[in-house]
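For reference, the structure is listed below as structure tokens.
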Amino acid sequence: MGFSFEQTLLDNPFVERVWRTQTETAEPFTSLAAARWELVVTRYKGKTTLTVRGPETKATLACSPTDTEFFGIVFKPGIYMPHLPVATILNKNDITLPAASSRSFWLDSAAWQYPDYDNADVFIDRMVRRNLLVRDRVVESVLQNLPHGKSIRTLRRHFLQATGLTFNTFKQIERARHALLLLQERVSILDTVEQAGYFDQAHLTRALKHFTGQTPASIVKPNSSTQVSLLYKTET
């Protein structure tokens, strides 16, 4: 039995969405490449933890534990924690913050209550007041196709600092996730090639195998039941 995600978009300048899911049995799944970092609260066997999870540049196989609840806060591109460079938590180099009690954890020399799905805004507002989150306006401008007046070298530095990724890698991940959504929505393979901006079907296939662990044919196959991590619409 697979697991499904509930997710909500937030009207917040720092956070893109919150999500939650729970598992009943141990389930293998594909962890998709992801261009955003997130905070994940896990409740397993009566213990709660909070993990800072970084972007992932390729798809990997994973297994969900039995009887576990997950809640996540996904940050917008350009948002980062200045004391924790995103590049240091790439590709499963996640950091679990130390527990202060059964209901709280240590962050910035203070005990914080674990957030939940319904109070994420309050939690994020506190992080902002403590200067634990920074907005990189240059990265935001680039992704919104707005004027920024910066050199290519400066743009690269901003993008690496704020996302942990190069601009090209970021866009490749976003495009592959967009293509996966199109195929899941029963858009044809050839139309997906065109709509997602790939050169041809071979280009699409290579990208999907690397970033989603699947091929176009396996995705559109009737009754395909491959379980994947959180998938959402991108701006690509």
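None of the figures in this text is laboratory data; all of them are computed from the coordinates on show. Bear in mind that the values here come from a model prediction, so they are computed numbers and not experimental data. Neighbour counts are summed over all protein chains in view; Cβ atoms, including those assigned to glycine, are modelled from backbone coordinates with ideal geometry.
So the values come out like this:
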| quantity | calculated |
| --- | --- |
| Helical contribution to [θ] at 222 nm, DSSP H n ≥ 4, -39,500 (n - 2.57), averaged over the chain, rounded to 500 | -9000 deg cm²/dmol |
| Kirkwood-Stokes translational diffusion coefficient of the chain, alpha-carbon pairs, 20 °C, 1.002 mPa s, µm²/s | 114 µm²/s |
| 16 Å Cα-Cα reach of residue 92 towards lysines, excluding residues that sit fewer than 8 places from it in its own chain | 58 |
| Residue-count net charge about residue 15 - beta-carbon cut-off 12 Å; Lys, Arg +1, Asp, Glu -1 | -1 |
| The chain - percent relative contact order, Cα under 8 Å, separation 6 or more | 21 percent |
| At R0 = 45 Å, FRET efficiency that the Cβ-Cβ distance of residue 27 and residue 151 yields, to 0.05 | 0.45 |
| Loop chymotrypsin sites (Phe, Trp or Tyr not before Pro), the range 165-226, which have at most 15 other Cβ atoms in a 10 Å radius of their Cβ (DSSP) | 199 |
| Set of the range 47-62 residues, backbone N closer than 12 Å to the point 7 Å along the Cα-Cβ line of residue 93 | 54-55 |
| Cα gyration tensor category, rounded, prolate or oblate, for the range 1-85 with a/c compared to 1.5 | prolate |
| All aspartates and glutamates inside 18 Å of residue 45 as judged from Cα atoms, apart from same-chain residues fewer than 8 positions distant | 24, 27, 67, 69, 116 |
| Hz values of 3J(HN,Hα) by residue in the range 202-219 - Karplus curve (6.51, -1.76, 1.60), Gly and Pro given as x | 5, 4, 4, 4, 4, 5, 5, 4, 6, 8, 10, x, 9, 9, x, 5, 6, 6 |
| Pairwise centroid distance, computed over Cα atoms, of the range 7-81 with the range 175-200, Å | 25 Å |
| Hull-based mean projected area of the range 167-220, where the convex hull spans the alpha carbons, in square nanometres | 3.0 nm² |
| Kirkwood Rh, angstrom, the range 78-162 [1 / mean 1/r, Cα pairs] | 14.9 Å |
| Cα-based reach from residue 221 at 17 Å (exclusive), listing aspartates and glutamates while leaving out same-chain residues under 8 positions away | 185, 191 |
| Sorted by Cβ neighbour density within 10 Å, fewest at the top, the residues 219, 189 | 189, 219 |
| Backbone HN-Hα couplings from phi across the range 184-191 [Karplus 6.51/-1.76/1.60, Hz, Gly and Pro as x] | 5, 8, 6, 6, 5, 4, 5, 5 |
